[in-house]
Amino acid sequence: MWLINSSIGRKVVMAVTGIALVLFLTFHASMNVVALISAKGYNMICEFLGANWYAVAATIGLAGLVALHFIFAFILTIQNRKARGNSQYAVTNKPKKVEWASQNMLVLGIIVILGMGLHLFNFWYNMMFAELAETDGVALASNGVYHIVRTFHGGCPCEPTTGCGYAYTAIYLVWLCALWFHMNHGIWSSMQTMGWSGKIWLNRWQCISLIYTTVIILMFVVVAVAFCLGYVPCDFKEAMGECAKAAGSCCGGC
Amino acid sequence: MAKNISVTVKFWKQNGPKDKGHFDTHELKNIPDDTSFLEALDIMNEELINEGKEPFVFDHDCREGICGMCSLYINGTPHGKTERGATTCQLYMRKFKDGETIVVEPWRSAGFPVIKDCMVDRTAFDKIMQAGGYTSIRTGQAQDANSILISKEAADEAMDCATCIGCGACVAACKNGSAMLFVSSKVSQFALLPQGQVEGAKRAKAMIAKMDELGFGNCTNTRACEAVCPKCESISNIARLNREFICAKLKD
């Protein structure tokens, strides 16, 4: 199987899974921005992506993509270390052309995975998993805006941001920063690996990567920072409704 | 006007691939700054022999930047590259400051085992070329000059790819020990021309299989190879090789 046995094949797996994950991030970022405009609209999307069979199937598919990307990254790193040999240079100069991110993709990837673990705990565990397992939090499972406020603000939006809210926002920003570096190299590198590059398109892909990555990451950053600073969309109270009161949250009562 | 400089050369000594190796130092005094770096090493070896020491072993041949034999990693850069398109033999002492310490190391890669000191075994590149870096089709008699139309751009680019001298600086600079820039340049020099395109798919598969078999690493597009290549090969060649290889495999 050339996708496993050849060096280019293994890179193709990394490229294809990477691009699929970029497309998912594009969808996720677009979805998040809805939370800035309409709380009810955002909750509708969350409900659509709840414990429905297609959402569960897509989640399993996504987990498979991440696992493949991660496993192949480790396989490639182990092979590359072996190819490099044990002998290290006493003096090394990094040429200006060499991006820092390109030489630290594994470290950046590990930061991204760790951040993803926290993100899954904050959102997926309290939303889709709560619905699937019917835990105590099932009443708020599809109330996405509640979970955003709870994570980034820490409590009721009419009260100051809690320390926990600031801490989570800071951690998410570090995570997004690592993701920016990882994606910025990953996108153009994927195109290069797939052979869709050349003397002219290499620079174009690098430019497209930079702009695309920056826009996507900014979309995530804006949502996290806005909710951290106490912003809520105009239909927030309406969206919170009775379920927040039932769960003992103050958000619905302000 | 030439001036004389004195430098300290810190050079790598290693007796074979399994030896641990170590650095030795030697003071080079009053070297004219228009001396080439390899000539300075020749002077150093003369002094070492006169002192009853073993000379420093390093690769060199044409000393005019076309054979690809010189292979030193100087002050953290393959070929001590301070400008585009220069090999070690084209490096001059005027690039160094008076009193500077120059660190000389071999190409460090599992694909290039050390034979002695800074002389490394690069026959792996020959094996990759033997796997497919040629055209074996019967071309018949020499054609009339314009019977096979080739655009100027394609001819120029193929020539640029063919200027790869196989020195191994790309492997030495790559944190993954990947030989993709070399292999892609050699594949491209044929793939860009109609005569080479006939065996393009077979060539790409054979050369990549041999490269993988010899233990070179996977390309992660860091561009370190391109930055240090003495012949300014572009990583667009790597994209072309990827394209050739993927298309060949999809057709199988």
20 Å Cα-Cα reach of B:K205 towards lysines, excluding residues that sit fewer than 8 places from it in its own chain: A:K11, B:K127, B:K186, B:K249, B:K251
In degrees, nearest ten, helix A:199-228 long axis to first principal axis of chain A (Cα): 20
Within the accessible area of region B:4-105, what % is carbon and sulfur when the probe is 1.4 Å and the other protein chains stay in place? 45
Specify the angular offset, from 0 to 90 degrees and rounded to the nearest 10, of the alpha carbon long axis of helix A:53-84 from the longest principal axis of the alpha carbons in chain A. 30
The answer for B:Y92, listing residues at least 5 apart or on another chain whose modeled amide H is closer than 5 Å to its amide H, is B:F37
Could you state the angle between the C-alpha long axis of helix B:180-191 and the longest principal axis of the C-alpha atoms of chain B, as a value from 0 to 90 degrees rounded to the nearest 10? 40
Considering only Cα-Cα distances, which of the following residue pairs are longer than 23 Å: B:K20/B:K210; B:K10/B:K81; B:K20/B:K116? B:K20/B:K210
So, for chain A, what is the accessible surface per residue at a probe of 1.4 Å, expressed in square angstrom? 49
Taking a straight Cα-to-Cα line shorter than 27 Å from A:K40, and setting aside same-chain lysines fewer than 8 residues away, one finds A:K237, A:K245
Quick one: net charge of A:G198's neighbours, Cβ under 11 Å, K/R +1, D/E -1? +3
Using a 10 Å cut-off on Cβ to Cβ distances, tally the other chain neighbours for every residue of B:241-248 and report the average as a whole number. 5
Could you work out, residue by residue across A:184-191, how many beta carbons of other chains sit within 10 Å of that residue's beta carbon, and then give the average as an integer? 2
Average partner chain C-beta neighbours within 10 Å, per residue of A:161-169? 0
From the helices alone, meaning DSSP H stretches of at least four residues, give me the mean residue ellipticity at 222 nm for the protein assembly as shown, per-run term -39500 (n - 2.57), in deg cm²/dmol to the nearest 500. -17500 deg cm²/dmol
Stokes-Einstein D for chain B, Kirkwood Rh over Cα pairs, 10 °C, 1.306 mPa s (µm²/s): 81
Rg/Rg_globular for the protein assembly as shown, with Rg_globular taken as 2.2 N^0.38 Å and Rg from C-alpha atoms: 1.23
Area hidden from solvent between B and A (accessible, protein heavy atoms only, 1.4 Å, total, Å²): 3500
For chain A, what ratio Rg/Rh do Cα atoms give with a Kirkwood hydrodynamic radius? 1.03
Residues listed by number, region B:156-194, amide nitrogen under 20 Å from B:K127 label point at 7 Å toward C-beta: B:166-174, B:176-187
So if I place +1 on the C-beta of Lys and Arg and -1 on the C-beta of Asp and Glu, and nothing else carries charge, what would the dipole magnitude of region A:56-164 be about its Cα centre? I want it in debye, nearest 20. 980
Quick one: dipole size for chain B, taken about the Cα centre, charges +1 on Lys/Arg Cβ and -1 on Asp/Glu Cβ, in debye to the nearest 20. 980
Backbone HN-Hα couplings from phi across region A:125-130 [Karplus 6.51/-1.76/1.60, Hz, Gly and Pro as x]: 4, 8, 10, 4, 5, 4
Over region B:4-105, what is the relative contact order in whole percent, taking alpha-carbon pairs under 8 Å and six or more residues apart? 35
Provide the descending list of Cα extents for region A:38-111 along its principal axes, expressed in whole angstroms. 59, 27, 16
Once normalised by the length of chain B, the mean sequence separation of its alpha carbon contacts under 8 Å that are 6 or more apart gives a contact order in percent of 19
In units of 2.2 N^0.38 Å, the Cα radius of gyration of region B:4-105 is 1.03
Straight-distance crosslink candidates among aspartates and glutamates, where the alpha carbon sits under 12 Å from A:K199 and sequence neighbours closer than 8 are dropped: B:E157, B:E233
Which of the residue pairs A:K82/B:K18; A:K82/B:K175; B:K97/B:K175 have a Cα-Cα distance greater than 19 Å in the structure shown? B:K97/B:K175
15 Å reach of a label modelled at B:E47, 7 Å along Cα-to-Cβ, counting backbone N of region B:59-99: B:93, B:97-99
Quick one: which of A:156-168, A:223-235 comes out on top by average Cβ neighbours within 10 Å, and what's the full order, highest first? A:223-235, A:156-168
Simple SL model, points at 7 angstrom along Cα→Cβ for A:C158 and B:T101; separation in nm is 6.9
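The values are calculated or read from the model by the stated rules, or taken from the named source; none is laboratory data. The model shown is predicted, which means the values in this text are computed figures rather than measured ones. Backbone-built Cβ (ideal geometry, glycine too); neighbour counts: all protein chains shown. The area values use the complete protein model at the heavy-atom level, side chains included, leaving out ligands, DNA and RNA. Shrake-Rupley method; radii C 1.70, N 1.55, O 1.52, S 1.80 Å.
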